[in-house]
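Worksheet: the structure to be examined is printed underneath.
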Amino acid sequence: MKRFLFLFLMACLFPLVSPAQTARSPIDYLQVPGPILFERTAYHLAWTSHPTPAFYKQEYLAVGVDPSRFTSMIFFDLLRGTLTVQEAVGTKVAELKKLKEKIRW
């Protein structure tokens, strides 16, 4: 399968622990126009990461939300490479399930 670029977008409304806890201004790697409006809530860029040359992460929270105690978040992951969408989604679902197991409700 030839190389392609795809945007792996997931809007998650899970009460998960997030890395969106930094005091410095996030870098908008993906040039997503904001704020993002979803269900009458405006989400603003709160945290970003570029952990590998082919992977970018951006997390959005509502204004005034404590990043360590949020109840909803929107995030974008951009992965360049040869994974299919199904493989990428499967990897993300497994990651979220593993993280959810660590959280005490």
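The values are calculated or read from the model by the stated rules, or taken from the named source; none is laboratory data. Since this is a predicted model, take the numbers as computed values, not measurements. Please note: Cβ atoms are built from the backbone with ideal geometry, for glycine as well, and neighbour counts cover all protein chains shown. Each accessible area value is taken on the protein alone, full model and side chains, heavy atoms only, with ligands, DNA and RNA left out. Shrake-Rupley method; radii C 1.70, N 1.55, O 1.52, S 1.80 Å.
Of the conditions (1) loosely packed, with under 10 Cβ neighbours inside 10 Å; (2) without any contact (Cβ under 8 Å) to a residue 24 or more places away in the chain, Leu83 fails just one. Which one is it?
All conditions pass for Leu83, except number (1).
If you check Phe70, Phe75, which single one turns out to be open to solvent by less than 30 Å² (accessible area, probe 1.4 Å), part of a loop (DSSP other than H, G, I, E, B), under 26 Å from Ile103 (Cα atoms) and aromatic (Phe, Trp, Tyr)?
Numbers: Phe75 fails: part of a loop (DSSP other than H, G, I, E, B).
Exactly one of Phe70, Phe75 is open to solvent by less than 30 Å² (accessible area, probe 1.4 Å), part of a loop (DSSP other than H, G, I, E, B), under 26 Å from Ile103 (Cα atoms) and aromatic (Phe, Trp, Tyr), namely Phe70.
Determine whether Tyr56 is out of contact with any Lys or Arg (no Cβ under 6 Å at 6 or more places or on another chain), modelled with pLDDT of 90 or more, open to solvent by less than 40 Å² (accessible area, probe 1.4 Å) and not hydrophobic (A, V, I, L, M, F, W, C). Steps first, please.
On the way: out of contact with any Lys or Arg (no Cβ under 6 Å at 6 or more places or on another chain): yes; modelled with pLDDT of 90 or more: yes; open to solvent by less than 40 Å² (accessible area, probe 1.4 Å): no; not hydrophobic (A, V, I, L, M, F, W, C): yes.
When the stated conditions are applied, Tyr56 does not pass them.
Filter the stretch 32-53 down to residues that are among the aliphatic types (A, V, I, L, M) and in a strand (DSSP E or B) and give me whichever is surrounded by the fewest Cβ atoms within 10 Å (Cβ to Cβ).
Of everything passing the filter in the stretch 32-53, Leu37 is surrounded by the fewest Cβ atoms within 10 Å (Cβ to Cβ).
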